Amino acid sequence: MTSFASTLWTLTQARQITGKQHLVLQALASFQGYRGLFPSHEAIAARAGCGVRTVIRALEAGYRLGIVERTRQRQRVSGRLVNGPNRYRLIICKLEQARAAAVHYTQQLREALVRRKQAFLSKCQNGSEINFQSNLFNAEPVSAVGMSHNDLIQWCENAGDRDST
């Protein structure tokens, strides 16, 4: 099994990450301790010698490639739930990297769809437009898992027929 440093080196040589992203992810790995890995963006930036925005971009690249996994934590402060420190996990195994990248892409897609729906619905001023366009967001959910190519084409054709009526 390879180490995280060798994974970073391989990605840098393949030009999948930049040198600065390499330094940031290496700085993140240096925070590894027996209690876990949960440094702030500012602490990573100070150790890597760059800005906070560069750290955020490098972490996004790590999530996208599946080599870093983030778990967001919530804390109760004065009776309110607030964002706590993120916990990170460095992933070395190729299969786990693929799974983490897929989870990240799924989350990004969900967030983008929510933003798009909110923007679309905010353009609708009166109730008649909302009723007219409600079929777009209230369609039955579909999963391509287990569907054959022909079944998926048939579903798309049926969805097109429903929208045209």
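The values are calculated or read from the model by the stated rules, or taken from the named source; none is laboratory data. Note that the structure is predicted; figures quoted are calculated from it, not measured. Note that we place each Cβ from the backbone using ideal geometry, even for glycine, and neighbour counts take in every protein chain shown. We work out accessible area using only protein heavy atoms, side chains counted, and drop any ligands, DNA or RNA first. Shrake-Rupley method; radii C 1.70, N 1.55, O 1.52, S 1.80 Å.
Screening segment 23-40 for residues that are under 21 Å from Cys93 (Cβ atoms) and in contact with a Gly (Cβ under 9 Å, 6 or more places away or on another chain) and picking the one that is surrounded by the fewest Cβ atoms within 10 Å (Cβ to Cβ) gives Leu28. Here are some residues: Lys94, Lys117. Which one is in contact with a Phe, Trp or Tyr (Cβ under 7 Å, 6 or more places away or on another chain) and open to solvent by 50 Å² or more (accessible area, probe 1.4 Å)? Among Lys94, Lys117, only Lys117 is in contact with a Phe, Trp or Tyr (Cβ under 7 Å, 6 or more places away or on another chain) and open to solvent by 50 Å² or more (accessible area, probe 1.4 Å). For segment 60-95, a residue qualifies if it is of a type in the set (S, T, N, Q) and assigned to a strand (DSSP E or B), and the qualifying residues are Thr71, Gln75, Asn83. Among the criteria (1) assigned to a helix (DSSP H, G or I); (2) at pLDDT below 90, the one Gln21 does not fulfil is (2). Thr7 meets each of the listed conditions (1) under 22 Å from Ala102 (Cα atoms); (2) out of contact with any strand residue (DSSP E or B) (no Cβ under 7 Å at 6 or more places or on another chain); (3) modelled with pLDDT of 90 or more apart from (3). Residue-level analysis places Tyr63 outside the set of residues that are open to solvent by 50 Å² or more (accessible area, probe 1.4 Å) and of a type in the set (Phe, Trp, Tyr). Taking segment 120-151 as the range and being surrounded by 10 or more Cβ atoms within 10 Å (Cβ to Cβ), modelled with pLDDT under 70 and more than 30 Å from Val68 (Cα to Cα) as the test, the residues that pass are Glu129, Ile130, Asn131, Phe132, Gln133, Ser134, Asn135, Leu136, Phe137, Ala139, Met147. For segment 1-22, the set of residues classified as open to solvent by 80 Å² or more (accessible area, probe 1.4 Å) and of a type in the set (A, V, I, L, M, F, W, C) consists of Met1, Trp9, listed by residue number.
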